[in-house]
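The values are calculated or read from the model by the stated rules, or taken from the named source; none is laboratory data. Nothing here was measured: the structure is a model prediction, and the numbers come from that model. Note that each Cβ is placed from the backbone with ideal geometry, even for glycine, and that neighbours are counted across all protein chains shown. Just the protein is used for accessible areas: all its heavy atoms, side chains included, with ligands, DNA and RNA removed. Shrake-Rupley method; radii C 1.70, N 1.55, O 1.52, S 1.80 Å.
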Amino acid sequence: MALLKFRSRDTAPTPAGLADLLSGYSIEVMPRTAEKVEDFRSLLPAGTRVYIAHIDGTPFEDMLATARRLRAEGFEPMPHFPARSIADRATLADMVARYRGEADVKQALLLAGGIASPRGPFHSSMQLLETGLFDGFTRLHVAGHPEGNRDIDPDGGEAEVMAALSWKQDFADRSDAAFAIATQFAFEAPPVLAWADRLAANGITMPIHLGIAGPAKLQTLIKFAIACGVGASLSVLQKRARDVSKLLLPFEPDEILTDLARARAEGRGKNIQSIHFFPLGGIKTNAEWATAHGGTAPAPQI
């Protein structure tokens, strides 16, 4: 079976189980892309969890404004808190207080962040959790890497990543908040399913919210894969995209999601609870694709 699927615009029947997998999906926005959306209510189902990606250099005020807008339009804002970008505990406390006070933020994604050198005392999401500043949040997500993370495990293994997730699982077991693992985007089901099995074998029971790249041109996908440091996935794209003509055709995540839906029907991947979309080809395109493939449609505006 081909790894990436390039197909015509003819819409195939929705595979059994795909609608269930897409139910309650989340999606990610950046403040600068959110500004281009006239009204999220015309694109997303009411109550959708919307991650607010923290791109280094984005002013906090822009992040906060995006959270306020999403809350006002009936969505659940989940801002990123990248540990290495936070100057000190006082800055973190102010961010948390303003998000909660001005946008009623109750959910957060805690991660180390993409910069190499920390700007302050924090270098990991574990340190953010230990501050106690997220006590009272109803939901906290931490990062997961189905294909490994060489920043953490330079040898290409996953010993350190697994140790960190075990620590976070212990923390989650003591917390009143709902925890989950939000992952980097992936392109084929077997490695994801094998990783999910390894998590379970290591006693890590936090549900997986699997990252999926939304519909996009392949060259766009490669560009974002490079920017996000998705080394293994990038090599897969380069290997599979030998036909230069395919660079102009849209990539759509039909195949990986269909394979995951089938695996879940067969009893595998049950810890994959939800899908999280990275709308690399645009929020509108991604939302329309999800609706067309069984996701809940947005409610008509009055």
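Points worth noting:
- Of residues in region 286-302 being open to solvent by 30 Å² or more (accessible area, probe 1.4 Å) and in a helix (DSSP H, G or I), the one nearest to GLU28 (Cα to Cα): GLU288
- Residue in region 102-121 that is modelled with the highest pLDDT, counting only those that are over 19 Å from PHE179 (Cβ atoms) and hydrophobic (A, V, I, L, M, F, W, C): ALA103
- Neighbours by Cβ (under 6 Å, 6+ apart or cross-chain): first from region 280-302, in contact (Cβ under 8 Å) with a residue 12 or more places away in the chain and over 14 Å from LEU18 (Cα atoms); second open to solvent by 40 Å² or more (accessible area, probe 1.4 Å) and in a loop (DSSP other than H, G, I, E, B): ALA299/ALA46
- Every residue from region 166-189 that is open to solvent by 50 Å² or more (accessible area, probe 1.4 Å), in a helix (DSSP H, G or I) and touching a residue at least 40 places away in the same chain (Cβ under 8 Å): TRP167
- As for region 132-147, it holds no residue that is assigned to a helix (DSSP H, G or I) and open to solvent by 40 Å² or more (accessible area, probe 1.4 Å).
- The residue that is modelled with the highest pLDDT, among those in region 249-285 that are part of a strand (DSSP E or B) and over 18 Å from GLY144 (Cα atoms), is PHE251.
- Any hit, region 118-127, residues being of a type in the set (Phe, Trp, Tyr), outside any helix (DSSP H, G or I), closer than 29 Å to SER166 by Cβ and free of Cβ contacts under 8 Å to residues at least 40 places away in the same chain: yes
- Any chance ALA90 is more than 25 Å from GLN184 (Cβ to Cβ), touching a residue at least 40 places away in the same chain (Cβ under 8 Å) and surrounded by fewer than 15 Cβ atoms within 10 Å (Cβ to Cβ): no
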